[in-house]
Amino acid sequence: MENKPQTRAEPVPPRAGEHPPAAAPPDGPGAADGAADNGTARTVRDALGVGVAVGLSGFAFGVTAASGGLSVPQTCVLSLFVFTGASQFALVGSLVSGGNPVTAAAGAIFLGGRNCFYGLRLSTLLRLPRWLRPLAAHWVIDETAVVALAQPDRRLARIGFAVTGLTLFVCWNATTLLGALGAGALGDPRAWGLDAAGPAVFLALLAPMLRAPAERATAAVAVGLAVVCLPLLPAGAPVLAAALAAPLVLLVGSRLPVRDGDTSRHAEERPS
């Protein structure tokens, strides 16, 4: 039998109006490293953006605190050791409005208590060494939790948490100092709208998380309670009254009748 030489098949040119097939993506360690580098760069970029954007609102806190009678060292110590923007604004706002220091501290502690729940979730995600956990706990706030929880794996979550925490801590404390030093030149922060900067940033971070109807209802009821109680209760107390929104929504939701459509849907999902 005669062995014919094997010839290499020539690629068939595409027909008129057809596009050539796309090249297959490269495989191997190089492609994996490139994807990892892209993920790291994206995480660092997002973390830096959040840290800088939110950190700039420390200027508003510095102005508000210094205009309310706190000294520059007192204002800076609050940012260094409390380091949770909403609680700081709540404490200073209550004191400036003439509220009782005990009520002001209770409102600030209540708002800061949400960080405990962030810590529970982040502890299982980050799995940091024991010696590092007390230090990392100081950076467990809304922004670091949001960035870390948005990452697809533990390595990127650690990077997002660390970069966001470091950037925000440096920017927040630096702008707090600048705001406290420049409070005398700016005058009343309410004339510039700086008193709304902190709550606006907090709401901007919170709003995308309200996806379920119960979450939106809780937020709406909390706002309603705070607005109603604002002229009736001393400064700082409306924040505590707004905490009643969650049990109220749960109580009302548990007593609502189940619609027929929902019953049939659950019956279909129930395993036979």
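No lab work stands behind these numbers, since they all come straight from the coordinates. All figures in this text were calculated on a predicted structure; none of them were measured in a lab. Counting neighbours? That spans all protein chains shown, and the Cβs are built from the backbone with ideal geometry, glycine included.
Here are the numbers:
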| item | result |
| --- | --- |
| Segment 34-153, relative contact order in percent, only Cα pairs under 8 angstrom and at least six apart counted | 23 |
| Debye log10 I(q)/I(0) at q = 0.16, 0.17, 0.21 Å⁻¹ for segment 117-177, Cα point scatterers | -0.46, -0.52, -0.76 |
| Stretch gain in nm, segment Arg45-Leu256, where the contour uses 0.36 nm per residue and the Cα spacing is subtracted | 71.4 nm |
| Additional length obtainable on full extension of the chain from Leu149 to Leu80, 0.36 nm per residue less Cα span | 22.4 nm |
| Local electrostatic count, Val163, Cβ distance below 12 Å [Lys/Arg +1, Asp/Glu -1] | +1 |
| Segment Leu166-Asn38, length gained on full extension (0.36 nm per residue, minus Cα span) | 44.0 nm |
